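Have a look at the structure below before the remarks.
Derivation of every value follows stated rules applied to the coordinates shown; laboratory data play no part. Since the model is a prediction, treat every value here as computed from it, not as a measurement. Glycine gets a Cβ as well: all are built from the backbone with ideal geometry, and neighbour counts include every protein chain shown.
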Amino acid sequence: MTHQFRFKPIYLLILQAVAVYAQAQEATPPPEVITVFGQGQTRQVQNITRDDLAKALPGTSPLKTLEKLPGVNFESADPFGAYEWSTRFSVRGFTQSQMGFTLDGVPLGDMSYGNNNGLHISRAISSENIGRVTLSQGAGAVGTASTSNLGGTVQFVSIDPGDQLGVTAAQTFGSNNTYRTFARLDTGLLSSGTKAYVSVTRQRAEKWKGAGSQDQDQFNSKLVHMFGENKLSLFYNHSDRRETDYQDMSLDMTKRLGANWDNYAPDWQRALNAARGVFSGGVNSLDDAYYLGSGLRKDDLAGATLDVKLTESSVLKTTLYHHGDEGQGHWYTPYTPSSATVPISIRTSEYKIERDGVITDLTWDLGRHTINGGFWAERSLHTLSRNFYAVSGPDNTNYFLSNPTSTVFKQKFTTTTTQLYLQDTVSMLGNTLHLNFGFKTPKVTIDATSLIGTRAAGTLTASKSFLPQVGLNYALTRDDELFTSLAQNMRAYQPGVTGPFSQTQAAFNLSVGKIKPETSTTLDMGYRFKREHLSGSVAVYHAEFNDRLLSVATCAGILGCPSTFVNVGKVETMGVEAAAVWKLAPQWSWFNSATYNNSKYKSDYMDNGVVVAVGGKQVVDSPKTMFNTELSYENEHWFSRVNAKYTGKRYYTYLNDGQVPAYWTMNLSAGYKQKSFVGVKDFSIQLNVENLLNKQYYSTVGTNGFIKSDPTGSFATLLTGAPRQIFLTISGKI
């Protein structure tokens, strides 16, 4: 009886939506096409529009909105996709750390959890202020400010201030005591040619299991000034995020303790007992649970962009930017006592970033030729330390700690990046054939200093004097085109918690003269089409990922060689992907995407004197098959979307003996809108239901990395997905 009652509101919602649709009589123009298939591009490129972003749950990571596109695998343990420890984004088998991300051209690094070269998009800007997201699945544009994009790139574009004076506000309530408040003031277009906005966002949400919250406060601002045909844009964004961690799970823990198992908080006594080896309730290990874990981040991101029309045929665009970050990751560890009576302390990973950069791009239109070139330079100062703090009881420690009792290591990194690029796009055969060719010359030097501890110091440089990119687009007809591209890319070495500088000095000295930066070569080709009621694309691709870096022991253990970073060979990826939007009727559209991706290790490697036979094995966290389907309805007042996503099985061990099963999830968005309602413009009320059918599944794999083998299922590197979550949002303008 309880089970049936829990689902009844969902059934009623769907029936009510169907009834509303059946009664809708107004003939309205079709809604904006959700996905734009990159017409005219020489690469596989697709866009998510503002209309698509607006239908997502407010506060949802824009990365999550991309999961409907072919080739994309997005995972997170929370309904918003913003909990960074759990967020995993991969495209065609390349992970998030092997892709490039920018916001209005400003580099966000690889958006990794352990900050070293950027910040996550969920902290960089509120989702309500993003206007478009562009995904290049294979290789990004040659001028993209990234030195991590072995795979594709994601470019986020913010909206400009509105031309009308007004206040936009939205309030979201929902599951787990969630509330999110967003408010933006637009000045409107002033007589000086200037317009601006400022916005504030406050979100509070409890975890869906266990104790703790996921909280964030944001301030965004942007100013645009037009003078003639020139444009000056300024922005400043601030974020303060505090998130409480979910317990990392293993297959064995899920069987013993259940998928809803989490850390001990607020039960301090049970955490103390466990730290003393007194377990209860099926727990049999110190690592089955801890008292608590959390992540704290404060970010300031600012930039200025000047677009100047130099002549009738040339435009110069220059961007200056600054990013400052302070972060701490907290873990109540039972392995280091605070005192003789308290067998628990807080271990932290602490980060600081100060980076400044400039990007300049010149475009020169010479008729049949369009020349584009420029450079990117950045200097980043990054500090990383591992500290311990004493605790006496279950006090609130969800703040930045200071004055540690001990420091294990502390390092400083100065990273200098320069990248030049030049390309030419040639139009031929009556503008039906476009040939694009260019190259870039990245160089990244890291100077590391060890202040405390035994971690490595030294200098590493990753550089390539010529990374080419060639592309072709041929218009068969006005509505049909073929495209192909070939690109080479390099991923620079990374400072941080993991990477070459996490080794001992002896291990670093062994590896520094031998390792090479990771590189990739990607071939992309496909077909795009557009009809009155149907548009889409089909692409096939092949990629070679060379000189994969991994930490291994370089000799038999009895000889005492330290583990060190070495290049362990090649990964080969082949696949096919397709996507299409079918306009079933003026108010109805049906979107589908399908992916087959075969990513395999091609080389065995030696670890501790033993061959690890990974050759021919599937790449970890890389599902072979994915499918997404989404049915949308929209008329003048009512809108609804139902989408379902299938994700194939994923491995978390290199030898493929550890895996999580395939799963389906379904989400619903529905609402009512009115251009004017009791004095409020663009009024809307929207309901979002995440995981509509309340499926239980593993979301993230690899939270604690990947290992060779896990025959007993005891490696805790998994997170379970959130159950069904329901949210209501009311928004409008005055």
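Inspect all residues belonging to the range 588-598 and state whether any of them is closer than 20 Å to residue 96 by Cα and without any contact (Cβ under 8 Å) to a residue 40 or more places away in the chain.
Applying the first criterion (closer than 20 Å to residue 96 by Cα) to the range 588-598 yields 595-598.
Keeping just the survivors that are without any contact (Cβ under 8 Å) to a residue 40 or more places away in the chain gives 596, 598.
Looking through the range 588-598, at least one residue is closer than 20 Å to residue 96 by Cα and without any contact (Cβ under 8 Å) to a residue 40 or more places away in the chain.
Would a scan of the range 591-598 turn up a residue that is assigned to a strand (DSSP E or B), more than 30 Å from residue 251 (Cβ to Cβ) and of a type outside the set (Lys, Arg)? Spell out how you get there, then give the answer.
Taking the range 591-598 as the starting set, the residues that turn out to be assigned to a strand (DSSP E or B) are 591-598.
Among the residues that remain, those that are also more than 30 Å from residue 251 (Cβ to Cβ) are: 591-592.
Narrowing further to those that are of a type outside the set (Lys, Arg): 591-592.
Checking the range 591-598: at least one residue is assigned to a strand (DSSP E or B), more than 30 Å from residue 251 (Cβ to Cβ) and of a type outside the set (Lys, Arg).
Can you tell me which residues in the range 79-109 are part of a loop (DSSP other than H, G, I, E, B), of a type in the set (Val, Ile, Thr) and crowded, with 24+ Cβ neighbours inside 10 Å? Before the answer, list the steps.
The first filter runs over the range 79-109 and keeps only residues part of a loop (DSSP other than H, G, I, E, B), leaving 79-87, 92-93, 95, 99, 104-105, 108-109.
Now narrow it down to the ones that are of a type in the set (Val, Ile, Thr): 87, 95.
Across the range 79-109, the qualifying residue is only 87.
Using the structure shown, decide if residue 191 is under 22 Å from residue 495 (Cβ atoms) and not in a strand (DSSP E or B).
Working: under 22 Å from residue 495 (Cβ atoms): no; not in a strand (DSSP E or B): yes.
Taking the combined requirement at face value, the residue does not satisfy it.
Go through the range 152-208 and give me each residue that's within 23 Å of the chain's Cα centre (by Cα) and basic (Lys, Arg).
180, 202, 204, 207 - these are the residues of the range 152-208 that are within 23 Å of the chain's Cα centre (by Cα) and basic (Lys, Arg).
If you scan the range 355-397, which residues turn out to be among the charged types (D, E, K, R) and touching a residue at least 24 places away in the same chain (Cβ under 8 Å)?
Our first condition is that a residue be among the charged types (D, E, K, R); within the range 355-397, this holds for 355-356, 361, 365, 368, 378-379, 386, 395.
Once the filter is applied, which keeps residues that are among the charged types (D, E, K, R) and touching a residue at least 24 places away in the same chain (Cβ under 8 Å), the range 355-397 yields 355, 356, 361, 365, 368, 378, 379, 386.
What's the total number of residues in the range 389-408 that are among the aromatic types (Phe, Trp, Tyr) and either in contact with a helix residue (DSSP H, G or I) (Cβ under 6 Å, 6 or more places away or on another chain) or surrounded by fewer than 17 Cβ atoms within 10 Å (Cβ to Cβ) (or both)?
2
Which one is nearest to the chain's Cα centre (by Cα), of the residues in the range 209-258 that are of a type in the set (Phe, Trp, Tyr) and buried (at least 19 other Cβ atoms within 10 Å of the Cβ)?
Looking only at the range 209-258, we keep the residues that are of a type in the set (Phe, Trp, Tyr), and these are 219, 227, 235-236, 246.
Then drop every residue that is not buried (at least 19 other Cβ atoms within 10 Å of the Cβ), which leaves 235, 246.
Working: 235: 22, 246: 19 Å.
Selected residue: 246.
Of (1) under 18 Å from residue 119 (Cα atoms); (2) hydroxyl-bearing (Ser, Thr, Tyr); (3) surrounded by fewer than 18 Cβ atoms within 10 Å (Cβ to Cβ), residue 380 satisfies all except one. Which?
Status for residue 380: all satisfied but (3).
Hey, could you check the range 617-655 for residues that are charged (D, E, K, R) and closer than 15 Å to residue 601 by Cα and say which is surrounded by the most Cβ atoms within 10 Å (Cβ to Cβ)?
Initially, the range 617-655 is screened for residues charged (D, E, K, R), giving 617, 621, 624, 630, 634, 636, 641, 645, 649-650.
Among the residues that remain, those that are also closer than 15 Å to residue 601 by Cα are: 617, 621, 624, 650.
Details: 617: 19, 621: 22, 624: 17, 650: 27.
Among those residues, the one meeting the criterion is 650.
Sort out which residues of the range 676-704 are part of a loop (DSSP other than H, G, I, E, B) and without any contact (Cβ under 8 Å) to a residue 24 or more places away in the chain, and write them in order of number. Working first, answer last.
The first filter runs over the range 676-704 and keeps only residues part of a loop (DSSP other than H, G, I, E, B), leaving 678-679, 691-697, 702-704.
Correct list: 678 only.
Only one of these conditions is not met by residue 123: (1) surrounded by fewer than 23 Cβ atoms within 10 Å (Cβ to Cβ); (2) among the charged types (D, E, K, R); (3) in a helix (DSSP H, G or I). Which number is it?
Going through the list (1) surrounded by fewer than 23 Cβ atoms within 10 Å (Cβ to Cβ); (2) among the charged types (D, E, K, R); (3) in a helix (DSSP H, G or I), residue 123 breaks only (1).
For the range 38-78, which positions are aliphatic (A, V, I, L, M), in a loop (DSSP other than H, G, I, E, B) and over 28 Å from residue 297 (Cα atoms)? Talk me through it step by step, then tell me what you get.
Just the residues of the range 38-78 that are aliphatic (A, V, I, L, M), to begin with: 45, 48, 53-54, 56-57, 63, 66, 69, 72, 77.
Checking the rest, the ones that are also in a loop (DSSP other than H, G, I, E, B) come to 56-57, 69, 77.
Residue satisfying the conditions is 69 alone.
Kindly list, by first and then second residue, each pair from a residue in the range 167-183 that is at positive phi to a residue that is among the basic types (Lys, Arg) and in a strand (DSSP E or B), limited to pairs with Cβ atoms under 8 Å and residues at least 6 apart or on different chains.
Correct list of pairs: 177/204.
Kindly indicate which of 673, 681 is over 24 Å from the mean Cα position of the chain (by Cα) and surrounded by 18 or more Cβ atoms within 10 Å (Cβ to Cβ). Explain how you work it out, then say what you get.
Working: 681 fails: surrounded by 18 or more Cβ atoms within 10 Å (Cβ to Cβ).
The unique qualifying residue is 673.
If only one of 76, 112 is surrounded by 24 or more Cβ atoms within 10 Å (Cβ to Cβ), of a type in the set (Ser, Thr, Tyr) and in contact (Cβ under 8 Å) with a residue 12 or more places away in the chain, which one is it?
After applying the criteria, what remains is 76.
Might you check whether a residue that is charged (D, E, K, R) and assigned to a loop (DSSP other than H, G, I, E, B) occurs anywhere in the range 323-346?
Our first condition is that a residue be charged (D, E, K, R); within the range 323-346, this holds for 325-326.
Still in the list and also assigned to a loop (DSSP other than H, G, I, E, B): none.
Taking every residue of the range 323-346 in turn, none turns out to be charged (D, E, K, R) and assigned to a loop (DSSP other than H, G, I, E, B).
Is one or more of the residues making up the range 648-671 of a type in the set (Ser, Thr, Tyr), on the phi < 0 side of the Ramachandran plot, in a strand (DSSP E or B) and touching a helix residue (DSSP H, G or I) at 6+ places or on another chain (Cβ under 8 Å)? Full working, then the answer.
If we filter the range 648-671 for residues that are of a type in the set (Ser, Thr, Tyr), which is where we start, we get 651-654, 663, 665, 669.
In the following step, the residues that additionally are on the phi < 0 side of the Ramachandran plot were identified as 651-654, 663, 665, 669.
Subsequent filtering for residues that are in a strand (DSSP E or B) retains 651, 653, 663, 665, 669.
From the residues that got through so far, the ones that are touching a helix residue (DSSP H, G or I) at 6+ places or on another chain (Cβ under 8 Å) too are 669.
Within the range 648-671, one or more residues are of a type in the set (Ser, Thr, Tyr), on the phi < 0 side of the Ramachandran plot, in a strand (DSSP E or B) and touching a helix residue (DSSP H, G or I) at 6+ places or on another chain (Cβ under 8 Å).
Can you find, within the range 128-154, the residue that is nearest to residue 221 (Cα to Cα) among those that are in contact (Cβ under 8 Å) with a residue 60 or more places away in the chain and among the β-branched types (Val, Ile, Thr)?
130
Based on this model, can you work out whether residue 459 counts as without any contact (Cβ under 8 Å) to a residue 24 or more places away in the chain and assigned to a strand (DSSP E or B)? Talk me through it step by step, then tell me what you get.
Working: without any contact (Cβ under 8 Å) to a residue 24 or more places away in the chain: yes; assigned to a strand (DSSP E or B): yes.
Judged against the criteria, residue 459 is a match.
Mind checking whether some residue in the range 472-487 is closer than 21 Å to residue 97 by Cβ and surrounded by 18 or more Cβ atoms within 10 Å (Cβ to Cβ)?
We begin by selecting, within the range 472-487, every residue closer than 21 Å to residue 97 by Cβ; these are 487.
Now restrict to residues that are surrounded by 18 or more Cβ atoms within 10 Å (Cβ to Cβ): 487.
Within the range 472-487 (the criterion being closer than 21 Å to residue 97 by Cβ and surrounded by 18 or more Cβ atoms within 10 Å (Cβ to Cβ)), the answer is yes, since at least one residue qualifies.
Being in contact with a helix residue (DSSP H, G or I) (Cβ under 8 Å, 6 or more places away or on another chain) and within 21 Å of residue 60 (Cα to Cα): is that true of residue 296 here?
On the way: in contact with a helix residue (DSSP H, G or I) (Cβ under 8 Å, 6 or more places away or on another chain): no; within 21 Å of residue 60 (Cα to Cα): yes.
So residue 296 does not fit the description; no.
So which residues in the range 482-518 are under 27 Å from residue 44 (Cβ atoms), out of contact with any Lys or Arg (no Cβ under 9 Å at 6 or more places or on another chain) and not in a strand (DSSP E or B), if there are any at all?
494
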